[in-house]
Amino acid sequence: MERLTSPARLMIVSDLDHTMVDHHDPENLSLLRFNSLWEHAYRHDSLLVFSTGRSPTLYKELRKEKPLLTPDVTIMSVGTEITYGNSMVPDLGWVDTLNHKWDLGIVKEETGNFVELTLQAESEQRPHKVSFYVDKSKAQEVTKELSQRLEKRGLDVKIIYSGGMDLDILPQGAGKGQALAYLLKKLKSEGKLPVNTLACGDSGNDAELFSIPDVYGVMVSNAQEELLKWHAENAKDNPKVIHAKERCAGGIIQAIGEFKLGPNLSPRDVSDFLECKVENVNPGHEVVKFFLFYERWRRGEVENSEAYAASLKASCQPGGVFVHPSGAGKSLVDTIDELRKHHGDKQGKKFRVWADQVLATETAPGTWMVKLDKWEQSGDERIGCNTTVKFTAKEGEGLVWEHVKQTWSEESKLKDDSSWII
């Protein structure tokens with residue numbers, strides 16, 4: 001969060017499974033739509049927070065499976081762990097808060113008396129979260145008796161039932177809602193309280209997110225019964241909480257538009273890039289637009305026309321250079337000619353491209369340096385590279401590509417890099 005020196009224009013706090021991520025969408029189209037919108041319009045002055053019931057282990061597994069962006073803040077294990085940035089630095093102040101009236105040993109001892117409870121995987125047992133599976137028909141009865149037992153032992157806990165089978169026991173001060181409240185209080189103390197905050201969810205453990213004052217909320221169209229019931233009983237008259245008509249990340253994009261929180265047209269919803277213009281100089285938009293065009297070109301979804309080739313070449317400095325991740329260099333114009341040879345070579349195949357962490361810096365008047373992570377998914381293989389692009393602004397021409405340099409990300413060094421074009 002330190003990259004922002006002023007309050008975020010928008011902070012999105014989103015659950016992952018069945019909210020940001022649609023597990024019924026094998027092409028991940030709604031997630032990719034959100035990704036391109038965020039990187040093009042919001043990354044530079046806003047905050048992205050993932051709030052998930054997943055443990056760090058399962059969260060990292062999901063990142064390998066799905067084209068998730070890198071969030072500024074990750075709230076995991078049903079609000080019991082808060083970490084920051086790429087390296088996921090833990091918030092020790094939050095740890096101290098959760099230790100109040102909490103004893104992991106006592107929780108394990110008391111839950112051992114309930115045959116109805118089936119312990120979840122070891123990776124899901126965390127310092128401030130104990131997780132079980134329980135049959136829906138037994139959940140209410142077990143929750144009531146277990147609460148009474150733990151209270152008699154001097155603990156102050158919260159029991160959350162969600163997803164029709166998951167039962168989580170946390171310190172009373174924990175949970176997705178309290179973690180968000182803590183984060184907002186921390187940002188306010190630093191003079192960086194976001195202008196607007198949008199909470200997004202689909203299940204019972206997301207209900208707390210919608211209870212935080214002055215926060216907009218969206219329940220995606222595929223929200224589960226337990227969350228819709230909570231809304232009907234607690235928030236049906238709150239105009240700041242809506243039930244979207246679109247699934248998952250599509251519902252988040254819909255909410256951005258309905259609440260008028262900022263732009264909500266994803267570059268993926270623009271069919272003709274030659275007509276895609278932005279009012280202000282936006283190097284991040286240029287990068288997102290180009291790599292989306294690159295994906296469509298290789299999938300054969302745009303015409304192999306001279307107009308596109310001429311437009312691309314016109315946006316390049318005549319002496320501009322592209323440095324391939326292998327270290328080999330060639331002119332940007334030659335790189336475009338090379339790209340033309342690959343038109344439609346991924347047609348009918350699972351091939352997607354997305355940009356992550358697109359951050360632009362004006363290094364001199366009219367000169368911009370953009371850094372990003374560029375990813376390609378081809379079949380089941382994912383490869384990525386750290387990319388730096390230098391732009392110059394020229395009157396009457398807009399932004400001109402001057403230099404592009406790529407290096408392999410640590411997990412993506414290829415044995416055969418002939419398939420990587422740009």
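The values are calculated or read from the model by the stated rules, or taken from the named source; none is laboratory data. Bear in mind the structure is a predicted one, so any value in this text is a computation, not a measurement. Please note: Cβ atoms are built from the backbone with ideal geometry, for glycine as well, and neighbour counts cover all protein chains shown. Accessible surface areas use protein heavy atoms only, side chains included; no ligands, DNA or RNA. Shrake-Rupley method; radii C 1.70, N 1.55, O 1.52, S 1.80 Å.
Which count do you get for residues in segment 16-35 that are open to solvent by 10 Å² or more (accessible area, probe 1.4 Å) and either touching a Pro at 6+ places or on another chain (Cβ under 6 Å) or assigned to a loop (DSSP other than H, G, I, E, B) (or both)?
Here the count works out to 8.
State all residues of segment 363-388 that are among the acidic types (D, E) and either in contact with a Leu (Cβ under 9 Å, 6 or more places away or on another chain) or at pLDDT 95 or above (or both); if no residue qualifies, say none.
Listed by number, the residues that qualify are D373, E376.
Of all residues being under 21 Å from the mean Cα position of the chain (by Cα) and hydroxyl-bearing (S, T, Y) in segment 181-217, which is farthest from L227 (Cα to Cα)? Just the residue, please.
Looking at the filtered set, the residue picked out is Y182.
Do we have any residue at all in segment 253-271 that's among the basic types (K, R), open to solvent by 10 Å² or more (accessible area, probe 1.4 Å), modelled with pLDDT of 95 or more and not in a loop (DSSP other than H, G, I, E, B)?
yes
Can you name every residue in segment 320-368 that is surrounded by 15 or more Cβ atoms within 10 Å (Cβ to Cβ) and among the charged types (D, E, K, R)?
Those that are surrounded by 15 or more Cβ atoms within 10 Å (Cβ to Cβ) and among the charged types (D, E, K, R): K346, R352, D356.
Pick from L183, L198, L117: which is farther than 30 Å from N238 by Cα and aliphatic (A, V, I, L, M)? Step through it out loud before you land on a result.
Numbers: L183 fails: farther than 30 Å from N238 by Cα; L198 fails: farther than 30 Å from N238 by Cα.
Unique residue meeting the criteria: L117.
Where in segment 139-242 are there strands (runs of 3 or more DSSP E), lying wholly inside it, with at least 1 residues that are over 20 Å from M20 (Cβ atoms) and touching a strand residue (DSSP E or B) at 6+ places or on another chain (Cβ under 9 Å)?
157-162, 166-171
Do we find a residue being open to solvent by 50 Å² or more (accessible area, probe 1.4 Å) and not in a loop (DSSP other than H, G, I, E, B) anywhere in segment 281-288?
No, because not a single residue in segment 281-288 is open to solvent by 50 Å² or more (accessible area, probe 1.4 Å) and not in a loop (DSSP other than H, G, I, E, B).
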